[in-house]
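Q: This is the structure I want to talk about, given as structure tokens.
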Amino acid sequence: MSAVTEAASRSRAPETDEPAAASIQSSPAGPVEDDARIVMPPAIALPRLLQGMGFGVRPLGFNLSAQRRFGDVWQMQLPTRADPFVVTSHPDHVKSLFTAKPDDAPSATGESPLRPILGPNSVLTLIGPRHMRERKLLLPAFHGEAVKQYVAMIREVAEREIDRWQVGVPFPLAPRMQAVTLDVIMAGVFGIEGTAAPGTLEHRLRETLRRFLRMSTRPIWALVELQNMGRPEPRGLLRLILSRTDRLLYELIRERRANAGGGERRDVLSLLLASRDEDGRPLSDEELRDELVTLVLAGHETTANSLAWTFERLVRFPDAYDRLRNAVRSGSKEEAEAYVEATIYEGMRTRPVIPMIVRLVQRPWQLGQFVVPARTPVAMSIIGIHHREDLYPEPFVFRPERFLDRSPGTYTWIPFGGGIRRCLGAALAMAEQQVVLGAIARRTDLAADDPAPEAPRQRNVTMIPQRGGRVAVRSKRAE
């Protein structure tokens, strides 16, 4: 079994918590009786607008400074919600939420700022039985044999991208990684290969999605987000932008429905068109649209930014970068694959693209010495958990060796979330990162164009490099 396939398999469920977790002090957590005495954790004493600005402008520092001041559990407020969030960074609390009955601690993604874009039928924003129904429909397309089929294409796309890079010219890595991952997800979701002819519906859809994604990286997008904050339906510029994408998506759906019997296709759209619920009903066009948009957006941007963040860290930690390059250029295949995989794990530990995930507890919930009331949103700080000194000694040092001899912990390494809502595309994301990171490390020598680390900033629900992960190619090698 190759390391790519093995990583895809392992990414479904990390095997055990790492040994360092044994030193962490346990903390009681879970639902308690309805009449339990409520004991709220300490709260940040700033107006909610300032808290929202702090979280958006400095997501890493905001989380870690609150953790240093208050400990494992604390409260924050955001302008988008009247009630405060309770935030935890203890693995025992994470475990209690990930393993809870779905009705006791459902996801709060229905209130996500992505809802106006993804729509009401997205697997990311649905909860309860409908979420599980959609998840079961989508799961086969992103695991096992399906992921194996993508690997050769990922390698081809990555090599083609690297060929375009010019020596000595600084550039932001994030958009270049987005180009790679968009090609992969477009092929997987729509069956649209890179050779789609100009003028075809598939080509127009690809280019429209690319323009939409480029727009979302520009400073003006902050105003678009603000205008749609807390709203279930898109409005203003976002509605205008989405209308073009939606027209093409619905046209493609109609075309594929009409040609459903015209040969076997294995892309996600074709699989969804053929699927039926327990009553024998197909998915509606609206349901298909929401799932397709979700898969394209969630399926490429997070992976692309994970790659950009990993190299942003590597070029500032030369020992780790040197070992990676030595492993992929002159080490054994097993050594190379192991160090690439460990580097990915460490990259996603130090700079998780999703900084926190939220559950809306429906019963009073114990979080260590505190008990929060029912209907409290409890956020698990991925940043906080990943930077605990008792789990990861010297947590701000980029050290892939942490993961060479052990798998990431189920409740101590959670960039893909966990429980019944663990990321559907985790296996594909790991496979993409292994192939792309290995190819870049083998063929190029990168350097930071500025020795200062890039500050993280928040965009929608993701934490991205402030300048896109800018690097310069010092030298290149042929394949």
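Every number in this text was worked out from the coordinates using simple rules, so none of it is lab data. Nothing here was measured: the structure is a model prediction, and the numbers come from that model. Here Cβ is always computed from backbone atoms with ideal geometry, including for glycine, and neighbour counts include all displayed protein chains.
Q: Over what distance in Å are the Cα centres of the range 88-124 and the range 294-346 separated?
A: Here the answer is 28 Å between Cα centres.
Q: Further question on the same structure: Which ³J(HN,Hα) values, rounded to whole Hz and listed in residue order, are derived for the range 246-260 from phi using the Karplus coefficients 6.51, -1.76 and 1.60 in 6.51 cos²θ - 1.76 cosθ + 1.60 with θ = phi - 60°, glycine and proline given as x?
A: Residue by residue, the range 246-260 yields 5, 4, 5, 4, 5, 5, 5, 4, 4, 5, 5, 4, 5, 10, 4 Hz.
Q: Something else now. So if I place +1 on the C-beta of Lys and Arg and -1 on the C-beta of Asp and Glu, and nothing else carries charge, what would the dipole magnitude of the chain be about its Cα centre? I want it in debye, nearest 20.
A: Computed about the Cα centre, the dipole is about 1160 debye.
Q: Below 8 Å between Cα atoms, with a sequence gap of 6+, how large is the relative contact order for the chain in percent?
A: The normalised contact order for the chain reaches 31 percent.
Q: For the range 413-428, just list the computed ³J(HN,Hα) in residue order, Karplus coefficients 6.51, -1.76 and 1.60, θ = phi - 60°, integers in Hz, with x standing in for Gly and Pro.
A: 9, 9, x, 9, x, x, x, 6, 10, 4, 3, 4, x, 4, 5, 5
Q: So what is the calculated 222 nm ellipticity per residue for the chain, using -39500 (n - 2.57) for each DSSP H run with n of 4 or more, over all residues, to the nearest 500 deg cm²/dmol?
A: Calculated mean residue ellipticity at 222 nm is -15000 deg cm²/dmol.
Q: Take the alpha-carbon centre of the range 134-165, take the same for the range 231-287, and report the distance between them in whole Å.
A: 21 Å
Q: Skipping prolines and chain starts, which residues have an amide H placed within reach, meaning under 5 Å, of the one on L446, given they are 5 or more residues away or on another chain?
A: R474
Q: Further, regarding this structure: Average projected area of the Cα convex hull of the range 3-476, in nm²?
A: Here the figure is 22.3 nm², rounded to one decimal.
Q: List the aspartates and glutamates whose Cα lies under 20 Å from the Cα of K136, skipping any in the same chain that are fewer than 8 positions away.
A: By straight Cα distance, K136 reaches D103, E145, D267, D277, E278, D279, D285, E286, E287, D290, E291.
Q: Considering the dipole of the chain built from charges on the beta carbon (Lys and Arg +1, Asp and Glu -1) around the Cα centre, which of T125, V224, A66 is farthest to its positive end?
A: The Cα lying farthest towards the positive end belongs to V224.
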